[in-house]
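Remarks on the structure that follows.
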Amino acid sequence: MTLLGKWKRYLFILFVLLTSISLAITLVYYKTNTQKIANEILNNQNTYLQKSLNLYKNNLEHIAKDWAIWDETYNFVKGISREKYIQSDFGGDETLINLNIDAMLFFNSKYDMLYGRVVHNSKEKELAATPQLLTSYMNKLKLSKKTVLIDYVKKGKILLLLSVPIQQNAHRGKSNGLFVIYKILNADDFKNTNILNVNIIGGSKQNSYKLQNFDKLILCNTFEGATKHFCIQSTLRPEVLKTFYYSTLYAILMIMFISSLAVILIYILVHPMIKKLTSLSKNVDEMVTDGTVKTLPEFEAQEFQTLTDAIQSIVNKLHNNEQMLKFILDNVPVGIFIYQPNILYANSYTLEDFKIDAKKLSSYTPDMLLDESVSKAIRQEIQKTQDARIKNKDVGARNYELQLNINGIVLDVIAVSQSIIYKGKPAGIVGFIDNTESNKTKEELSELLHYLPLVAYRTRIFKDESYQITVSNAIEKLTGFTRKEVESSPSWWQEHIYEPDREEVLSAQGELFQKGYLEHQYRLECKDGSYIWIDNRAINLNKDDMLQDILGFWNEITTLKLHEAANKAIAKIDRHFLIQNDEEEIFFYICKHTVESEFCEQVVLTRQSGKKYSYPESATNFKMQKHLEVAYADEVLEIDFYLKAKITKHELFENIFTAFKNNVETGLKALLHERRLNYLTYTDIICGFPNANALVEKIKDYKKPFALAMINIRAFSSINLLYGFEFGNEVLCRVADIIKKILRKEDIVYHLSGDRFCVFINIEARDILDKIVKKIAKECAYNIMVEQRHIPISCRFGMAKYPDDSNNSSQIKDLAMTALSYASRDKKETVFYEDKMKEMLNNHAETETRLIDAIAHNKFEFYYQPIVDAKTQKVVHCEALIRLKDENNKPISPEYMIHVAEELGLIKKITKIVTKNVAMQQKIWQQKGLHVKVAINLSSYDIEDEDFSLFFAQTIVKYGLNNKSIAVEITERTAVQNYEAAQKFLQHMKELGIPVEIDDFGVANSSLHQITEMEFDTLKIDKSFVDKILEDEKDREIVNVILQTAKILNVTTLAEGVETKEQYEWLKDKGCDMIQGYYFSKPLCVKDFEAYMLSYKEPLDSAT
């Protein structure tokens, strides 16, 4: 086997070994990098899912703040508020849908559900009982604190539940109920553009991922604090998985590059030379001197000249010792033959290489061995030299690289010819090395370098500081410069390092000269002005200070670097989505982060409105523009990227923009989702104005002087009942618009809930605030038009100022509410907060408590005021009245007690108590033989309630009452404002035969037509007219008209509040039928009333 043949085998073994190591490294790299990327994606998805869940949770908490800390809710769960009033606050059948929740429930302190609504099949409806879904959680809900539950329910859904104690607006007293809301989340609520599909599964306890069939990455994200273990399983879209494949491709390319580099370098460094020529010469001399046989070392081709000189010396010394000469020449690892002019001798290597015997070879002269590929000039030179050596002319040693051909066997050889004396005659000797395999390898290597995308280069720096540069053909495809342009300019490389990278790259060269090896990545400027990223691997073959021999390779990695830059930009943009919700800022930072991550030189984002965001503001010398369209809400954002990079792998480059588009659209979608939740949290959905949550945020840390004016629309529920909720909502919007128009630009209108508004005003002076409030009141009274109807709106105002009323800005809202409550209680239009109001409201709260306790334990005191016939002065019937005492046993004003009861929605319960107690008392009086008709006062809430009509009918039947024993009173205002309900109720009373009295007649603005349409029996003249009949002509005329009207309608008349004989006499003379007042008797307790009745000379036993 030839020397090169042996080394080919060694080289092959080495290549197999390196390839095996490379594959092992590839597998380890792939596994490690895959795990790293998957964990990063898993963490990002976990952040997104947790944020989504927090957004839903925050929405529940903001809703709870508005609904649970509310007097109406508090009174309702305590059993003292009107259920229909609570129902009216829902404003239709889409309240829960607009609030983005699935259920809202109200529980009392015993955990009984009083009222609830739920969304089922995209429709909102009322609940008859506690949902089965909640029954297993009720023992976890506490009256004393807020509870948040996250649980996995059947069919892959998540329950997000919030319960909070129900308290009054001012957070007074303990909780008396529980407010519960929940949202059912399904898989679609956690989906984004990177996710192919989402499943919610139970049983999982930790975050994990799984790569399935190399085309699916399945993430499993869990949540802390959940009642049951579950996870959200997300399957990534295939295009997102390309990140894995890019990493693997990059790893394989790098390892193949390193392996190829190692094999090429080994080939160059172990080119066939085994031992140094000096060792060969020494061994040959020793063989000549002492006659011992030694194994001669092999050598390099460049040392061949020295070898042939040594052989020449040996031949000249041993030409007479043919046997020793033959032995030595046969062991020299080169081909040798001697000619005179035919070939006289050839060693074993020559005969083996040409597969010929010595006898046949002797018929050849050296020039006959030349292949026809040898040029004519070389052939002639060889023939001339050959002849000269035979003639013993000194022509010196001659070196050739050519092809020999014997019997069709062609060898590439390095040959050296010398002159010798052989067997006493001049002769020539030729030594040659078979270089065929080496040349073949060089050709293959040259072809490999020609087609390999890598650029191979070699730079030699000589002692005189001159350069020799050699590069492969790939340089032109990569940079646009030809080999000649690069190799002819020693400074080409330094000049074409991309300017921003130049200083760092040049400073790294010291490492190459010190350590002998250098790896680094940088940008190189191409001929057309663009740049490419290259991975440069270089070694210094000679570390001598006087000579540098640098061999290296460039691998073009532009697309991979741009991919890294794009991922870096996307990560920065994603982080900005998490901390910023201002779209102007986000659009700008999309541009800024993309450029600062070195993906491109400029980004311009254009909205459909034409507004542009650019970073930097201006730039030039772009080589490529890439246009991308990104969906955002109802518009399409146009993003233009301007790049100077040269793109060679366009398919991979396009994938970068696909990933960029998906990530940005996902972020923008999350932004819209968050903004919608923020909008629902801080904006009133009816009018589009800031709500109570926004007001709390505004004043929380506000330090400048300001005032709050709480506004309440009086009797707004009547508008809803008369015209409907949609009409009522339009009225609210008109009110909000008018208030905003009156205020200055820096002032703010808030719609707190229902009929309540608040105005934030940046002023200090009270008189200015008072003017603004009066203007609001005037405009609302005269300028509210809805559906071509003028709706007069009457408002009450409660005001407080910071820092005058409190040094804590957050308390101003409660103080203004206190002033508003005071205005409502005293029926005033405008009230500024004063410290004494707290005490008054405490009294109000005490009255509330006394009322609630009296209802629960029947602690009311009943009084009866006689009503007498004007002519006979006999008692014809009486009016039932209730009284209540405070904690000091002092009577509470009846008017104030009724006012508080109406506020709390307790009137219906009180009416039922009165009705039942009167019926029971009538039964007792009948048993005593005392027969008197008793009139019971009814409110507007009673006549609207069909249940009360049924209760009333059942009660009179139960206790055996009739039209001689009981009557009912309703006010004129009640009859007018609730006309249809009043008509229906009066008809029902007529069917039962129960007399009806119209109380406070003449006070309300009713029409004569409405009065004539009603079925009633008695008109009661209000005390306000009776008080002035003797002094005021106008009041006398009004009373006369009422009396005449009653006669026309054929109903009786009753004057209340008669306190003097003169009033009595005047009313009797004018034809009034009945008299009620202190002139005859004050309201009497049962015992005193019985005594009063029995004191009449003519008992009423005969009344049947």
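The values are calculated or read from the model by the stated rules, or taken from the named source; none is laboratory data. Remember, predicted model here, so these are calculated numbers, not experimental data. Glycine also receives a Cβ, built like all others from the backbone with ideal geometry; neighbour counts cover every protein chain displayed.
For every residue, the table says whether it meets (1) buried (at least 17 other Cβ atoms within 10 Å of the Cβ); (2) assigned by TED's automatic domain parsing to the domain that holds Arg575; (3) at negative phi.
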site: Ile647; (1), (2), (3): yes, yes, yes
site: Thr658; (1), (2), (3): no, yes, yes
site: Thr666; (1), (2), (3): yes, yes, yes
site: Arg675; (1), (2), (3): no, yes, yes
site: Lys698; (1), (2), (3): yes, no, yes
site: Ala707; (1), (2), (3): yes, no, yes
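Please find, within the range 112-159, the residue that is surrounded by the most Cβ atoms within 10 Å (Cβ to Cβ) out of those that are of a type in the set (Ser, Thr, Tyr) and in contact with a Leu (Cβ under 9 Å, 6 or more places away or on another chain).
Going through the range 112-159, the residues of a type in the set (Ser, Thr, Tyr) turn out to be 115, 122, 130, 135-137, 144, 147, 152.
Right, trim to in contact with a Leu (Cβ under 9 Å, 6 or more places away or on another chain) and you get 115, 130, 137, 147, 152.
On the way: Tyr115: 17, Thr130: 16, Tyr137: 17, Thr147: 16, Tyr152: 20.
Only one residue fits best here, namely Tyr152.
Within the range 349-361, which residues are surrounded by 15 or more Cβ atoms within 10 Å (Cβ to Cβ) and either under 16 Å from Gly408 (Cβ atoms) or modelled with pLDDT of 85 or more (or both)? Even if it seems obvious, please write down each step before you answer.
Let us first name the residues in the range 349-361 that are surrounded by 15 or more Cβ atoms within 10 Å (Cβ to Cβ), namely 349-351, 353-354, 356, 358, 361.
The answer is Thr350, Leu351, Asp353, Phe354, Ile356, Ala358, Leu361.
From the list Val395, Val374, Val430, pick out the single residue that is modelled with pLDDT of 85 or more and not in a strand (DSSP E or B). Break it down into steps so the answer makes sense when it comes.
On the way: Val395 fails: modelled with pLDDT of 85 or more; Val430 fails: not in a strand (DSSP E or B).
The conditions single out Val374.
Using the structure shown, decide if Ile784 is touching a Pro at 6+ places or on another chain (Cβ under 8 Å) and within 23 Å of Asn691 (Cβ to Cβ).
On the way: touching a Pro at 6+ places or on another chain (Cβ under 8 Å): yes; within 23 Å of Asn691 (Cβ to Cβ): yes.
Yes; evaluated as a whole, the condition is true for this residue.
Can you tell me which of Leu512, Leu541 is in a helix (DSSP H, G or I), at pLDDT below 90, surrounded by 14 or more Cβ atoms within 10 Å (Cβ to Cβ) and not assigned by TED's automatic domain parsing to the domain that holds Ala659?
Working: Leu541 fails: in a helix (DSSP H, G or I).
Among Leu512, Leu541, only Leu512 is in a helix (DSSP H, G or I), at pLDDT below 90, surrounded by 14 or more Cβ atoms within 10 Å (Cβ to Cβ) and not assigned by TED's automatic domain parsing to the domain that holds Ala659.
From (1) within 40 Å of the chain's Cα centre (by Cα); (2) part of a strand (DSSP E or B), pick out the condition that doesn't hold for Asp549.
(1)
I'm trying to understand the selection: among the residues of the range 651-676, which are within 16 Å of Glu635 (Cα to Cα) and of a type in the set (Gly, Ala, Ser)?
Gly667, Ala670
Can you name the residue in the range 386-412 that is in contact (Cβ under 8 Å) with a residue 40 or more places away in the chain and among the β-branched types (Val, Ile, Thr) and, of all such residues, is farthest from Gly335 (Cα to Cα)?
Ile390
If I filter the range 863-879 down to residues being in contact (Cβ under 8 Å) with a residue 40 or more places away in the chain and surrounded by fewer than 18 Cβ atoms within 10 Å (Cβ to Cβ), which single residue comes out as nearest to Arg796 (Cα to Cα)? Walk me through it before giving the result.
In the first step, residues of the range 863-879 are kept if they are in contact (Cβ under 8 Å) with a residue 40 or more places away in the chain; the result is 863-871, 873-879.
Next, from what is left, pick out any that are surrounded by fewer than 18 Cβ atoms within 10 Å (Cβ to Cβ): 869, 871, 873-874.
Working: Asp869: 43, Lys871: 46, Gln873: 45, Lys874: 46 Å.
So the residue we want is Asp869.
When the residues of the range 460-492 are filtered to those that are of a type in the set (S, T, N, Q) and assigned to a strand (DSSP E or B), which remaining residue is nearest to Arg523 (Cα to Cα)?
Thr470
If Gln1063 satisfies every condition in (1) touching a strand residue (DSSP E or B) at 6+ places or on another chain (Cβ under 6 Å); (2) assigned to a helix (DSSP H, G or I) but one, which is the exception?
Status for Gln1063: all satisfied but (1).
Could you identify the single residue in Ile699, Ile738, Ile711 that is closer than 20 Å to Glu829 by Cβ, in contact (Cβ under 8 Å) with a residue 24 or more places away in the chain and in a helix (DSSP H, G or I)?
Being closer than 20 Å to Glu829 by Cβ, in contact (Cβ under 8 Å) with a residue 24 or more places away in the chain and in a helix (DSSP H, G or I) holds for just one of Ile699, Ile738, Ile711, which is Ile738.
Does Asn720 satisfy being among the polar types (S, T, N, Q), under 27 Å from the mean Cα position of the chain (by Cα) and in a helix (DSSP H, G or I)?
Details: among the polar types (S, T, N, Q): yes; under 27 Å from the mean Cα position of the chain (by Cα): no; in a helix (DSSP H, G or I): yes.
In short, no.
Here is a check on your reading of the model: is Gly754 closer than 24 Å to Ser717 by Cα and within 39 Å of the chain's Cα centre (by Cα)? Can you show your working first?
Numbers: closer than 24 Å to Ser717 by Cα: yes; within 39 Å of the chain's Cα centre (by Cα): yes.
So Gly754 fits the description; yes.
Looking at Ile739, Ile686, Ile719, can you tell me which residue is buried (at least 16 other Cβ atoms within 10 Å of the Cβ), more than 19 Å from His790 (Cβ to Cβ) and either of a type in the set (Val, Ile, Thr) or not assigned by TED's automatic domain parsing to the domain that holds Ala777 (or both)? Outline the logic, then answer.
Values: Ile739 fails: more than 19 Å from His790 (Cβ to Cβ); Ile719 fails: more than 19 Å from His790 (Cβ to Cβ).
Going through Ile739, Ile686, Ile719 in turn, just one is buried (at least 16 other Cβ atoms within 10 Å of the Cβ), more than 19 Å from His790 (Cβ to Cβ) and either of a type in the set (Val, Ile, Thr) or not assigned by TED's automatic domain parsing to the domain that holds Ala777 (or both): Ile686.
What pairs can you find where one residue is in the range 921-946 and over 13 Å from Asn963 (Cα atoms), the other is among the small types (Gly, Ala, Ser) and buried (at least 18 other Cβ atoms within 10 Å of the Cβ), and their Cβ atoms are less than 6 Å apart, with a gap of 6+ or different chains?
Taking only residues 6 or more apart or on different chains, the pairs are Ile943/Ala981; Ile943/Ala982; Glu944/Ala981.
I'm told Ser81 meets every condition in (1) at pLDDT below 80; (2) assigned to a loop (DSSP other than H, G, I, E, B); (3) out of contact with any Leu (no Cβ under 8 Å at 6 or more places or on another chain) except one. Can you identify the failing condition by its number?
Failing condition for Ser81: (3).
How many of the residues in the range 815-835 are in a helix (DSSP H, G or I) and either outside the structural domain of Ile699 (by TED's automatic domain parsing) or of a type in the set (Val, Ile, Thr) (or both)? Lay out the reasoning, then the answer.
Narrowing the range 815-835 to residues in a helix (DSSP H, G or I): 815-826.
With the extra rule that they be either outside the structural domain of Ile699 (by TED's automatic domain parsing) or of a type in the set (Val, Ile, Thr) (or both), the set shrinks to 818.
Residues flagged as in a helix (DSSP H, G or I) and either outside the structural domain of Ile699 (by TED's automatic domain parsing) or of a type in the set (Val, Ile, Thr) (or both) within the range 815-835 amount to 1.
Tell me whether the range 1045-1060 contains one or more residues that are closer than 22 Å to Asp1017 by Cβ, small (Gly, Ala, Ser) and not in a loop (DSSP other than H, G, I, E, B). So that I can check it myself, show each step before the final result.
As a first pass, look at the range 1045-1060 and keep what is closer than 22 Å to Asp1017 by Cβ: 1045-1058.
Okay, now just the ones that are also small (Gly, Ala, Ser), so 1046, 1055, 1057.
Cutting the leftovers down to not in a loop (DSSP other than H, G, I, E, B) gives us 1046, 1055.
Checked the range 1045-1060: at least one residue is closer than 22 Å to Asp1017 by Cβ, small (Gly, Ala, Ser) and not in a loop (DSSP other than H, G, I, E, B).
Among the candidates Asn678, Asn663, Asn655, which residue alone is more than 22 Å from the chain's Cα centre (by Cα), of a type outside the set (D, E, K, R) and either assigned to a helix (DSSP H, G or I) or at pLDDT below 85 (or both)? Spell out how you get there, then give the answer.
Numbers: Asn678 fails: more than 22 Å from the chain's Cα centre (by Cα); Asn663 fails: more than 22 Å from the chain's Cα centre (by Cα).
It is Asn655.
Return the residues of the range 600-610 that are assigned to a loop (DSSP other than H, G, I, E, B) and touching a Leu at 6+ places or on another chain (Cβ under 9 Å); say none if nothing qualifies. Before the answer, list the steps.
From the range 600-610, those assigned to a loop (DSSP other than H, G, I, E, B) are 600-601, 607-610; that's our starting set.
Selection gives Cys600, Glu601, Arg607, Gln608.
Residue by residue, here is whether (1) touching a residue at least 12 places away in the same chain (Cβ under 8 Å); (2) assigned to a helix (DSSP H, G or I); (3) surrounded by 15 or more Cβ atoms within 10 Å (Cβ to Cβ) holds:
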position	(1), (2), (3)
Glu585	no, yes, no
Tyr589	yes, yes, yes
Glu598	yes, no, yes
Phe622	yes, no, yes
Lys626	yes, no, yes
Ala631	yes, no, no
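Name the residue that is surrounded by the fewest Cβ atoms within 10 Å (Cβ to Cβ), counting only residues in the range 462-490 that are touching a residue at least 40 places away in the same chain (Cβ under 8 Å) and more than 27 Å from Lys649 (Cα to Cα).
Among them, the one singled out is Lys463.
Taking Ser530 as meeting all but one of (1) surrounded by 14 or more Cβ atoms within 10 Å (Cβ to Cβ); (2) closer than 16 Å to Ala456 by Cα, write down the number of the exception.
Unmet for Ser530, out of (1) surrounded by 14 or more Cβ atoms within 10 Å (Cβ to Cβ); (2) closer than 16 Å to Ala456 by Cα: (2).
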